[in-house]
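Chemist: First, the structure itself, so that you have it in front of you.
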Amino acid sequence: MAQPLTLTQSHQTTEELVALYGEQVKNIHNEMEAGTSVGAEFLGWRNLPNEAPELDNVMEVAAKIRELAEVVVVIGVGGSYLGSKAVMDALAPYFEKNSDDPEILFAGQNLSGPYMKQLLNHLEGKEAAVIVISKSGTTTEPAIAFRILLEYMENRYGESVNDRIVAITDKSQGALRELADRSGFASFIVPDDVGGRFSVLTPVGLLPLAVAGVDIEQLLSGAKAAVEDFSSADIATNKAYEYAAVRNQLLSEGYNIEILASFTPRFATFHEWWKQLFGESEGKDGKGIYPASVAYPTDLHSLGQYVQDGRRELFETFIQFAESEEDCGIPTSDENLDGLNYLSDKSMNEINEVTMHATMQAHRDGGVPIIHLNVGKHDAYHIGYLIYFFEAACAMSAYLLGVNPFDQPGVEEYKKNIFRMLEKPGVVEEK
Ligand code: PA5
């Protein structure tokens, strides 16, 4: 089997990074190990691949939902849905879905009336189930979606509605916990020491994924291998820490935007998960690297111009899957009217890979530093490995930046305004 992940970057040699960041990285790593780093009460994600809390229960409940439902609505926002959607989309077939798998829809990640109205219409005549996820149990967007969907489900299923609803929330706090305990539907716990954006390997991500038919044991075993591979405090041997260090070095040289790029269309939602992970973890106290993403080659014909030739404050991280997926050859044409016969001994995957290398070279020549992550294979194991790689890198990178990776104080500001504007009882109008 190919190596699960290799990292190549030509911006700074590993020796230079060791000289610049080696000591600091070791100290931060040791503080995380000792549980003395800032925000250490949220370091539980480091144990998830080995501990896999509630895994048997997750499998059992997922099997029941798969039996009952043709369509499952997963309600959540931010870290409460992005991880499961990212992995689901990354592993789903492009067109024909497996007929044993229920359709998975998401709600609570937007406040669109038409979206909800059409979702309810779509559920008509299909056996439905709902998984509602909110660590705090009080987030407005998913709470509204759940109120509407709960009423819909109660009207449809009456007494037996509890078989079709699962809540994933805090063990004792928040409105959703109270609702679950009172109503009696099944529930799972988001561990106290795991924040939303680091929660994909808890029931938050694992239950929807198991319902969707993803091999969550493989996902966890990939993540488990990554725990082992990224356990060293040494940048020279720990690629997650090398990634964290080179990002910070680039930032110190004025590269304050990182673009995650891939040539695999079904990886686009994973970019969204990555953006949330790094954006919420690092963007605070006036600091951070702005995380952006592109889906190439599509975006070579839109943002590609800017990346090649716009303001020089960008660096790009390319994700490639080494072992090709299914492939499609280029046919030879007798008349060759389109002039493409020069490609007819090649396949689409080969041309896709050449396009990626051509892009990396062009952007590097245009002044965009490049980081290249080569992932062994496009499967659940390697996606699990990549998830842990990014989590470990993100925590280290945020600490190097001098911020707490695990809080998100800025997210509260807009909430205060909506509560005031919607006249939530107890919220005072500011003059
Ligand atoms: O990473 C985080 O903590 C946030 O993005 C949350 O996941 C998001 O705000 C949703 O919060 P909750 O799960 O409490 O509804």
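Chemist: Would you pick out the residues in the range 311-330 that are surrounded by fewer than 18 Cβ atoms within 10 Å (Cβ to Cβ) and in contact (Cβ under 8 Å) with a residue 12 or more places away in the chain?
Modeler: Filtering the range 311-330 for residues surrounded by fewer than 18 Cβ atoms within 10 Å (Cβ to Cβ) gives 311-313, 322-330.
Across the range 311-330, the qualifying residues are R312, E313, A322, E323, S324, E325, D327, C328, G329, I330.
Chemist: As an exercise: evaluate I257 against (1) hydrophobic (A, V, I, L, M, F, W, C); (2) over 24 Å from L91 (Cα atoms); (3) crowded, with 23+ Cβ neighbours inside 10 Å and give the number of the one condition it does not meet.
Modeler: (3) is the only condition that I257 fails.
Chemist: OK, next. Pairs needed: first member in the range 162-175, part of a helix (DSSP H, G or I); second member anywhere, away from the ligand (no atom under 16 Å from the Cβ) and of a type in the set (G, A, S); C-beta distance under 7 Å; at least 6 residues apart or different chains.
Modeler: Cβ pairs passing all conditions: N162/S183; N162/G184; R164/A69; R164/A128; R164/A129.
Chemist: Just checking, does the range 104-124 include any residue being in a loop (DSSP other than H, G, I, E, B), more than 10 Å from the ligand (Cβ to nearest atom) and among the polar types (S, T, N, Q)? Walk me through it before giving the result.
Modeler: Narrowing the range 104-124 to residues in a loop (DSSP other than H, G, I, E, B): 108-112, 124.
After this cut, where a residue has to be more than 10 Å from the ligand (Cβ to nearest atom) as well, the list is 110-112, 124.
From what's left, among the polar types (S, T, N, Q): 110, 112.
Among the residues of the range 104-124, at least one is in a loop (DSSP other than H, G, I, E, B), more than 10 Å from the ligand (Cβ to nearest atom) and among the polar types (S, T, N, Q), which makes the answer yes.
Chemist: How many residues are in contact with a Leu (Cβ under 8 Å, 6 or more places away or on another chain), open to solvent by less than 70 Å² (accessible area, probe 1.4 Å) and not in a helix (DSSP H, G or I) when one looks only at the range 270-310?
Modeler: Residues meeting the conditions: 6.
Chemist: Which members of the range 121-137 meet the condition of being surrounded by fewer than 16 Cβ atoms within 10 Å (Cβ to Cβ) and touching a residue at least 12 places away in the same chain (Cβ under 8 Å)?
Modeler: Within the range 121-137, the first condition is being surrounded by fewer than 16 Cβ atoms within 10 Å (Cβ to Cβ), and the residues that meet it are 121-122, 124-127.
H122, K126, E127, listed by residue number.
Chemist: Could you tell me whether the range 55-62 includes any residue that is β-branched (V, I, T), buried (at least 16 other Cβ atoms within 10 Å of the Cβ) and over 16 Å from the mean Cα position of the chain (by Cα)? Write out each step before concluding.
Modeler: Residues of the range 55-62 β-branched (V, I, T): 58, 61.
The next check asks that each one be buried (at least 16 other Cβ atoms within 10 Å of the Cβ); those that pass are 58, 61.
Of the ones still in play, those that are also over 16 Å from the mean Cα position of the chain (by Cα) are 58, 61.
Yes; the residues of the range 55-62 include at least one that is β-branched (V, I, T), buried (at least 16 other Cβ atoms within 10 Å of the Cβ) and over 16 Å from the mean Cα position of the chain (by Cα).
Chemist: Separate question: When the range 29-39 is examined, which residues are found to be open to solvent by less than 20 Å² (accessible area, probe 1.4 Å) and part of a helix (DSSP H, G or I)?
Modeler: Applying the first criterion (open to solvent by less than 20 Å² (accessible area, probe 1.4 Å)) to the range 29-39 yields 29, 32, 37, 39.
Matches in the range 29-39: H29, M32.
Chemist: Something else: If we keep just the residues of the range 142-154 that are within 16 Å of the ligand (Cβ to nearest atom) and crowded, with 19+ Cβ neighbours inside 10 Å, which is farthest from V190 (Cα to Cα)?
Modeler: L149
Chemist: Taking the range 63-79 on its own, how many of its residues are within 24 Å of the chain's Cα centre (by Cα) and not small (G, A, S)?
Modeler: Number of matching residues: 8.
Chemist: Of the numbered conditions (1) in contact with a helix residue (DSSP H, G or I) (Cβ under 6 Å, 6 or more places away or on another chain); (2) in contact (Cβ under 8 Å) with a residue 60 or more places away in the chain; (3) surrounded by fewer than 16 Cβ atoms within 10 Å (Cβ to Cβ), G366 satisfies every one except a single condition; which is it?
Modeler: Failing condition for G366: (2).
Chemist: Looking only at residues that are more than 11 Å from V211 (Cβ to Cβ) and not in a helix (DSSP H, G or I) in the range 40-70, which one is nearest to the ligand (Cβ to nearest atom)? Steps first, please.
Modeler: The initial filter retains those residues of the range 40-70 that are more than 11 Å from V211 (Cβ to Cβ), namely 40-57, 60, 70.
Next, only the ones that are not in a helix (DSSP H, G or I) stay: 43, 47, 52-54, 70.
Numbers: L43: 14, N47: 18, A52: 20, P53: 17, E54: 17, E70: 27 Å.
It comes out as L43.
Chemist: Which one of these does V211 not meet: (1) under 17 Å from the mean Cα position of the chain (by Cα); (2) open to solvent by less than 10 Å² (accessible area, probe 1.4 Å)?
Modeler: V211 satisfies all of (1) under 17 Å from the mean Cα position of the chain (by Cα); (2) open to solvent by less than 10 Å² (accessible area, probe 1.4 Å) except (1).
Chemist: Let me ask something additional. How do the pairs read when you match residues in the range 73-101 that are closer than 22 Å to G195 by Cβ and among the polar types (S, T, N, Q) with residues anywhere that are within 16 Å of the ligand (Cβ to nearest atom) and open to solvent by 40 Å² or more (accessible area, probe 1.4 Å), using Cβ under 9 Å and keeping only pairs 6 or more apart or on different chains?
Modeler: S80/Q109; S80/K135
Chemist: What residue, among those in the range 155-187 that are under 15 Å from V72 (Cα atoms) and surrounded by fewer than 16 Cβ atoms within 10 Å (Cβ to Cβ), is nearest to the ligand (Cβ to nearest atom)?
Modeler: N162
The values are calculated or read from the model by the stated rules, or taken from the named source; none is laboratory data. Note that this is a predicted model, so its numbers are computed, not measured. Cβ: placed from backbone, ideal geometry, glycine included. Neighbour counts: every protein chain shown. Side chains included, ligands, DNA and RNA excluded: accessible areas come from the protein's heavy atoms. Shrake-Rupley method; radii C 1.70, N 1.55, O 1.52, S 1.80 Å.
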